[in-house]
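Below is one structure, written out as structure tokens; comments come after it.
The values are calculated or read from the model by the stated rules, or taken from the named source; none is laboratory data. Bear in mind the structure is a predicted one, so any value in this text is a computation, not a measurement. Counting neighbours? That spans all protein chains shown, and the Cβs are built from the backbone with ideal geometry, glycine included.
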Amino acid sequence: MIKLLKNLGGAFHKTFISDESWNKSNQTNHGAYMEPSKKPLNVLIKQLNVSIAVMLKNGCEYKGKMIKCDGHMNILLEGATESKDEQLLANYGNVLLRGNNILYIMLDMH
């Protein structure tokens with residue numbers, strides 16, 4: 001059994017779910033389990049020290065070499081550039097992008 005805490009109206013309530021239910025919730029839409037190597041965070045971590053482009057929700061795009069990434073998909077870029085509408089706005093040394101603001105990430109597929 002797995003115990004979860006849910007915040008309902010400011011109060012935390014315990015919820016118990018069976019291992020079977022937990023496993024079903026970790027399946028893809030097609031009923032198949034997602035291989036650990038295909039999970040987004042694992043794919044992203046494999047791209048450390050590679051150039052990537054990150055589009056933020058505000059429309060700004062950052063390009064640089066990803067040197068760190070954490071479980072919240074916060075990303076540290078080295079030698080980052082900022083652009084909007086394909087116009088270069090600034091050159092930075094290191095930039096920390098908060099995962100909550102990321103719309104999508106383009107990996108360098110060389």
Looking at (1) of a type in the set (A, V, I, L, M, F, W, C); (2) touching a residue at least 12 places away in the same chain (Cβ under 8 Å); (3) more than 25 Å from LYS39 (Cβ to Cβ), can you tell me which one LEU56 breaks? (3)
Quick one: would you say ASN91 is modelled with pLDDT of 85 or more, polar (S, T, N, Q) and loosely packed, with under 10 Cβ neighbours inside 10 Å? no
Can LEU97 be described as more than 13 Å from the chain's Cα centre (by Cα) and without any contact (Cβ under 8 Å) to a residue 60 or more places away in the chain? no
The condition of being of a type in the set (A, V, I, L, M) and either part of a loop (DSSP other than H, G, I, E, B) or at pLDDT below 85 (or both) holds, among LEU41, LEU48, only for LEU48
Test ASN49 against the stated conditions and say whether it is under 23 Å from SER37 (Cα atoms), free of Cβ contacts under 8 Å to residues at least 24 places away in the same chain and of a type outside the set (Ser, Thr, Tyr). yes
Is it the case that ILE67 is assigned by TED's automatic domain parsing to the domain that holds ILE102, in contact with a strand residue (DSSP E or B) (Cβ under 6 Å, 6 or more places away or on another chain), over 16 Å from ASN101 (Cβ atoms) and not in a loop (DSSP other than H, G, I, E, B)? yes
Among the residues of the range 52-100, which ones are in contact with a Cys (Cβ under 9 Å, 6 or more places away or on another chain), more than 15 Å from PRO40 (Cα to Cα) and not acidic (Asp, Glu)? LEU76, SER83, LYS84, LEU89
